[in-house]
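Peer 1: Can you read through this structure? Questions will come right after.
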Amino acid sequence: MMDWEAIGAVGEIVGAIAVVLSLAYLAIQIRQSNRLAIREARTNLSEIYNSMNLSQLETPHIAELKVKLRDRNCELSAVEKEHAETFASTLHVGWGVVGSAYDAGVLPQNVMEVYLNTVSYWFQNFPGLAPYIARAMTSSGIEPGMWPMFTRAWEEYDKLEYGNQSVAGT
């Protein structure tokens, strides 16, 4: 005849092993889910930037506008100003998406650095776009320090406006 205490002890051991195995399986599932979420977020961000690039290729007047925006003091027609506003707004929204993904832990720091460098790229290569980007950020209530993307944007804007003196943190 079996001892009920021994049977109970074996049952507890089997139960503990089952719990450990379940937790290990759950950890694997969470890791895979996080990797998928990161991959999906990066894909979505890439699609945003790719759609911007494609629209420029498909629309010659946007390329012409970009050439003009390489000059800080460019003269734009009323229609070109509207396009510049839309372009700046599109960048602004894209940077917000990147900031949200970073805050959610979906983008690691090294990937975030790449996106921060793209902010610098736009200001350094298209300084005529800077006032439109600043207006988009201001109208949205975006201030320095809110997100790394917008802090970088304000720093780059300040470099254009005030030379190397940044007033973004003040």
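The values are calculated or read from the model by the stated rules, or taken from the named source; none is laboratory data. In this text the structure is predicted, and so the values were computed from the model without any measurement. Positions of Cβ are backbone-derived with ideal geometry, glycine not excepted, and every protein chain shown enters the neighbour counts. The area values use the complete protein model at the heavy-atom level, side chains included, leaving out ligands, DNA and RNA. Shrake-Rupley method; radii C 1.70, N 1.55, O 1.52, S 1.80 Å.
Peer 1: Out of segment 34-49, which residues are over 11 Å from V106 (Cβ atoms) and open to solvent by 90 Å² or more (accessible area, probe 1.4 Å)?
Peer 2: Within segment 34-49, E47 is the sole residue that qualifies.
Peer 1: Would you check which residues across segment 53-80 are exposed (fewer than 13 other Cβ atoms within 10 Å of the Cβ) and either within 11 Å of the chain's Cα centre (by Cα) or part of a helix (DSSP H, G or I) (or both) and list them?
Peer 2: N53, L54, S55, L57, E58, P60, H61, A63, E64, V67, A78, V79
Peer 1: May I ask you to say which residue of V93, V111 is assigned to a helix (DSSP H, G or I), closer than 21 Å to E47 by Cβ and open to solvent by 70 Å² or more (accessible area, probe 1.4 Å)? Outline the logic, then answer.
Peer 2: Values: V111 fails: open to solvent by 70 Å² or more (accessible area, probe 1.4 Å).
Unique residue meeting the criteria: V93.
Peer 1: While we're here: Does Y157 meet the test of being aromatic (F, W, Y) and surrounded by fewer than 16 Cβ atoms within 10 Å (Cβ to Cβ)? Outline the logic, then answer.
Peer 2: On the way: aromatic (F, W, Y): yes; surrounded by fewer than 16 Cβ atoms within 10 Å (Cβ to Cβ): no.
So Y157 does not fit the description; no.
Peer 1: Are there any pairs, at least 6 apart or on different chains, whose C-beta atoms fall under 8 Å, with the first in segment 137-162 and on the phi < 0 side of the Ramachandran plot and the second open to solvent by 60 Å² or more (accessible area, probe 1.4 Å) and of a type in the set (A, V, I, L, M, F, W, C), and if so, which?
Peer 2: D158/V167
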